[in-house]
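The values are calculated or read from the model by the stated rules, or taken from the named source; none is laboratory data. Since the structure is predicted, the reported quantities are computational estimates derived from the model, not experimental observations. Glycine gets a Cβ as well: all are built from the backbone with ideal geometry, and neighbour counts include every protein chain shown. With ligands, DNA and RNA removed, areas are computed over all heavy atoms of the protein, side chains included. Shrake-Rupley method; radii C 1.70, N 1.55, O 1.52, S 1.80 Å.
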Amino acid sequence: MFAEKKEDIKVQPLFITVDPERDNVEAVKRYCKEFSPKLLGLTGTNEQITKAAKAFRVYFSAAPAADEDNDYIVDHTIIIYLIDPEGKFVDYYGQNKTAVQMAEHIGSYIDRFKYLRW
């Protein structure tokens, strides 16, 4: 299984906010830190986020009204994308995949990519 391999595999997890109005650099940094020190978080302008969302076919929509704490919900696609080292789309994982299934799939793609590169 992938997790048992001793090789130095370099995988960069990346989070891109879909709410740049609320998620400034510090907020994204705090959020990512809750998951993993390896998780790289990105934010940007509304235009940059919209462009990235369109490129990955991600839906997002902020609720029109905030509560008394200025808190609101942002509805969005929940997808994890696997991109190869050359920046090409490889696969995606929705909420129906377990962490073990994702690790196995990603491991097989890493093995395949290494084979093709050597």
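Of note:
- Considering residues of the stretch 102-115 that are open to solvent by 70 Å² or more (accessible area, probe 1.4 Å) and free of Cβ contacts under 8 Å to residues at least 60 places away in the same chain only, the residue nearest to residue 77 (Cα to Cα): 112
- Test: residue in the stretch 40-57 that is in a loop (DSSP other than H, G, I, E, B), open to solvent by less than 50 Å² (accessible area, probe 1.4 Å) and either touching a strand residue (DSSP E or B) at 6+ places or on another chain (Cβ under 7 Å) or modelled with pLDDT under 90 (or both): no
- Residue 38 vs. criteria in contact (Cβ under 8 Å) with a residue 12 or more places away in the chain and of a type in the set (Lys, Arg): yes
- Check on residue 27, more than 19 Å from residue 82 (Cα to Cα) and part of a helix (DSSP H, G or I): yes
- Members of the stretch 73-95 that are open to solvent by 70 Å² or more (accessible area, probe 1.4 Å) and either more than 15 Å from residue 13 (Cα to Cα) or assigned to a loop (DSSP other than H, G, I, E, B) (or both): 73, 75, 76, 78, 85, 86, 88, 95
- Among the residues of the stretch 8-28, those that are more than 14 Å from the chain's Cα centre (by Cα) and surrounded by fewer than 16 Cβ atoms within 10 Å (Cβ to Cβ) comprise 8, 9, 10, 21, 22, 24, 25, 26, 27.
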